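Q: Structure incoming, see below.
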Amino acid sequence: MVHLTYFFAVYGSLINFIGINVLLALSLYVTLSAGQLSLGNAAFAGIGGYTAGILTTQFGVPYLLSLLAGALMAAIVGFLLGMPVLRLRGVFLAMATLSFGEVVRIAAINLKITGGAEGLLGMPAYTKTWFIYLVIAVVGYFLSRLRYSRAGWSFESIREDETAASAMGINTIYYKTLAFTIGAFIAGLAGAMYAHLNYIITPGEFGFSAAVNLLIYCIVGGSRVWYGPVFGAALLTALPEILRGIGVTAGPIRMFVNGLILLIVILFLPNGLISLFQRRRKVAVSVLAGAGIGDN
Amino acid sequence: MLLEITQITQHFGGLCALAGVSFGVESGSVHGLIGPNGAGKTTLINILSGITPATSGTLRFDDRRIDTFPAHKIASLGIARTFQNIRLFPALTCLENVIAGQHLIAERPLLPRLLCLPGAIRQEAVYKQQSLDILVRVGLADRADFSAQHLSYGERRRLEIARALASCPRLLLLDEPVAGMRRQEMLSVAELIHTLSQEGMTILLIEHNMAFVMELCSQITVLNFGSVITTGTPAEVGRHPEVIEAYLGKSDQDA
């Protein structure tokens, strides 16, 4: 018991960070599951974080309500952004969402209400570790059920072949916007929880590198099943600590290891590290068993 | 007429792919659409299924104008299709391809799933059984758990037909359903199309294999350079001088 307390004292903030990153990776998973490459999810987290932070610090709104407001705000912005930009495909969508992310970051720097470049200060540390992991469990359960619903099958179809999906009767604009909006909601929720973890949030935290990191979590973990991004986010967030544990000193070597893992996964495991555990299964698994889709 | 095509014209920039194409597809018929390469057959199928809107002209399906509808709305009226260049969902299994194809007939609501209601599980079992039955029909029952990208060419074509059948369409558009198939496979697809037609499904198919078309179709429309040469029974079409000319060229005496 003493060991456990000690462990939490040392690694508590890491465990919280892992949880937040897992949620953010899950938010991108939803968008990716419909085949849409979004680099806007970090910005949605920022919108959620700032919304919730401003509400609790300046308007005295209760914590849970501020989380809901942050997530809803991100979802509304996601919906409004999704309507026009989801007509773009592939790299053009990535570029459009990327520039949206920059707009949000620069707006946060220049607005008064967000506290400018110094960031928004004074959020009480309401977010508890158990709560983060409870939310992950709920979101994970939701996504695992969503996968085999009508919307989930539509996302799969659109990702696999958008033209064929539309010829099958799938309203592709509707389902792409739905995936984008659900993703924005989860990202906004994660951002709102993050804002109440650290006393401060700054615009830079939700910028380009955060957006790319989320994508890397999904690629490394594997974006074909919901627990892939969970695994990727947890591994890569904990990686610096793991490296320190095995005696690798801080510095460029850590970035090198990060890059190496990414490269190896892209080259040899196109469906992410999670496919290592699925390989042992047969070529295909029963649909209703609900796992192991399509790694070979 | 289940489907009426009237004066459909399609321009791609300066290229005129279809110039005022008109013909009708009768309910319950197997209608063949033939013509040399580049005649505009696939372009027409793309217009019928709403993938690319026509430049001008009208389409009526079941006495309803559909030429301004997007693809998913046309599909929801009961028009399903396959693609010449096979567009399956490669990472999904055969069974999953067909299950995904049930989009229009299967509700699969989220809430009962979240609550793990037994009704949802029972319903899913019914949908799954329907999908398996369709795989049996196209002869892919033993491939149900194979991922689609590992199928042979002919199997992919049959799986695409299965996915189209999953939505229980009234009109099935088949773009070269037996291209690249072995003879035995081709015969089984011919038999399947025949059975579907007897069950009341209307089928419009593009095919280059003349024996297949002549054997199977009750009506044939011949396209050449974006225009209809003629529409008629296989016997009529086979005698038509312009059709013979389009396929074999003019003889020296006529020139």
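The values are calculated or read from the model by the stated rules, or taken from the named source; none is laboratory data. Note that the coordinates shown come from a computational prediction; the quantities given were computed from them, not determined experimentally. A quick note on method: Cβ atoms are made from the backbone with ideal geometry, for glycine too, and the neighbour counts reach across all protein chains shown.
Q: Looking at B:Val237 and the list (1) out of contact with any Leu (no Cβ under 8 Å at 6 or more places or on another chain); (2) surrounded by fewer than 21 Cβ atoms within 10 Å (Cβ to Cβ), which single condition is not satisfied?
A: B:Val237 satisfies every listed condition except (2).
Q: If I filter the range A:124-145 down to residues being without any contact (Cβ under 8 Å) to a residue 40 or more places away in the chain and part of a helix (DSSP H, G or I), which single residue comes out as nearest to A:Leu197 (Cα to Cα)?
A: Only one residue fits best here, namely A:Trp130.
Q: Another question, then. (1) in contact with a strand residue (DSSP E or B) (Cβ under 6 Å, 6 or more places away or on another chain); (2) surrounded by fewer than 19 Cβ atoms within 10 Å (Cβ to Cβ): which one isn't true of B:Phe225, the others all being true?
A: Exception for B:Phe225: condition (1).
Q: Answer yes or no: is there a residue in the range B:192-199 that is closer than 13 Å to B:Asn97 by Cα, out of contact with any helix residue (DSSP H, G or I) (no Cβ under 6 Å at 6 or more places or on another chain), of a type outside the set (S, T, N, Q) and outside any loop (DSSP other than H, G, I, E, B).
A: no
Q: So which residues in the range A:121-172 are of a type in the set (Val, Ile, Thr), at the interface with another protein chain (Cβ under 8 Å from one of its Cβ atoms) and over 13 Å from B:Phe89 (Cβ atoms), if there are any at all?
A: A:Thr172
Q: Here's another thing I want to ask about it. Among the residues of the range B:61-95, write down those that are within 7 Å of another protein chain (Cβ to nearest Cβ), in contact with an Asp or Glu (Cβ under 9 Å, 6 or more places away or on another chain) and of a type in the set (S, T, N, Q).
A: Across the range B:61-95, the qualifying residue is only B:Thr93.
Q: Among the acidic types (Asp, Glu), more than 28 Å from A:Leu146 (Cβ to Cβ) and more than 9 Å from chain A (Cβ to nearest Cβ): does that describe B:Asp142? Before you say what the answer is, go through the steps one by one.
A: Numbers: among the acidic types (Asp, Glu): yes; more than 28 Å from A:Leu146 (Cβ to Cβ): yes; more than 9 Å from chain A (Cβ to nearest Cβ): yes.
For B:Asp142, the condition - among the acidic types (Asp, Glu), more than 28 Å from A:Leu146 (Cβ to Cβ) and more than 9 Å from chain A (Cβ to nearest Cβ) - is met.
Q: Test B:Phe83 against the criterion of being outside the structural domain of B:Gln198 (by TED's automatic domain parsing) and either closer than 24 Å to B:Cys217 by Cβ or of a type in the set (D, E, K, R) (or both), and give yes or no.
A: Details: outside the structural domain of B:Gln198 (by TED's automatic domain parsing): yes; either closer than 24 Å to B:Cys217 by Cβ or of a type in the set (D, E, K, R) (or both): yes.
Yes, satisfied.
Q: Being of a type in the set (Phe, Trp, Tyr) and either touching a Cys at 6+ places or on another chain (Cβ under 6 Å) or under 16 Å from B:Glu176 (Cβ atoms) (or both) is the filter here; which residues of the range B:203-230 pass it?
A: Answer for the range B:203-230, where residues must be of a type in the set (Phe, Trp, Tyr) and either touching a Cys at 6+ places or on another chain (Cβ under 6 Å) or under 16 Å from B:Glu176 (Cβ atoms) (or both): just B:Phe212.
Q: Next question, about the same structure. Which ones in the range A:157-207 are among the charged types (D, E, K, R) and surrounded by fewer than 24 Cβ atoms within 10 Å (Cβ to Cβ)?
A: Of everything in the range A:157-207, those that are among the charged types (D, E, K, R) and surrounded by fewer than 24 Cβ atoms within 10 Å (Cβ to Cβ) turn out to be A:Arg159, A:Glu160, A:Asp161, A:Glu162, A:Glu205.
Q: Still on this model: Output yes when any residue across the range A:91-111 is under 18 Å from the mean Cα position of the chain (by Cα), among the aromatic types (Phe, Trp, Tyr) and more than 14 Å from chain B (Cβ to nearest Cβ), and no when none is.
A: yes
Q: Looking at the range B:50-60, which of its residues are buried (at least 23 other Cβ atoms within 10 Å of the Cβ) and within 15 Å of the chain's Cα centre (by Cα)?
A: Within the range B:50-60, B:Gly50 is the sole residue that qualifies.
Q: Within the range B:120-128, is there a residue that is acidic (Asp, Glu) and within 9 Å of chain A (Cβ to nearest Cβ)? Steps first, answer last, please.
A: Going through the range B:120-128, the residues acidic (Asp, Glu) turn out to be B:124.
This time we only want the ones that are within 9 Å of chain A (Cβ to nearest Cβ), so: B:124.
Within the range B:120-128, one or more residues are acidic (Asp, Glu) and within 9 Å of chain A (Cβ to nearest Cβ).
Q: Any idea which residue in the range A:224-270 is surrounded by the most Cβ atoms within 10 Å (Cβ to Cβ), counting only those that are among the hydroxyl-bearing types (Ser, Thr, Tyr) and at pLDDT 90 or above? Write out each step before concluding.
A: Just the residues of the range A:224-270 that are among the hydroxyl-bearing types (Ser, Thr, Tyr), to begin with: A:227, A:237, A:249.
Cutting the leftovers down to at pLDDT 90 or above gives us A:227, A:237.
Numbers: A:Tyr227: 18, A:Thr237: 20.
By that ranking, first place goes to A:Thr237.
Q: Right, next: If you check B:Gly40, B:Gly20, B:Gly14, which single one turns out to be in the same structural domain as B:Lys73 (by TED's automatic domain parsing) and within 22 Å of B:Ala80 (Cβ to Cβ)?
A: Only one candidate qualifies: B:Gly40.
Yes/no per residue for (1) touching a residue at least 24 places away in the same chain (Cβ under 8 Å); (2) under 22 Å from B:Gly139 (Cα atoms); (3) in contact with an Asp or Glu (Cβ under 6 Å, 6 or more places away or on another chain):
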site	(1), (2), (3)
B:Leu196	yes, yes, no
B:Leu204	yes, yes, no
B:Val222	yes, no, no
B:Arg239	no, no, no
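Q: Could you name every one of the helices (runs of 4 or more DSSP H) located completely within the range A:148-234 that has at least 1 residues being free of Cβ contacts under 8 Å to residues at least 40 places away in the same chain and farther than 25 Å from A:Ile132 by Cα?
A: Fully inside the range A:148-234 and qualifying: A:150-160, A:162-167, A:172-195.
Q: Filter the range A:56-97 down to the residues that are closer than 21 Å to A:Ile132 by Cα and surrounded by fewer than 22 Cβ atoms within 10 Å (Cβ to Cβ) and list them by number.
A: Hits for the range A:56-97 are A:Thr57, A:Val61, A:Pro62, A:Tyr63, A:Leu64, A:Leu65, A:Leu68, A:Ala69, A:Leu72.
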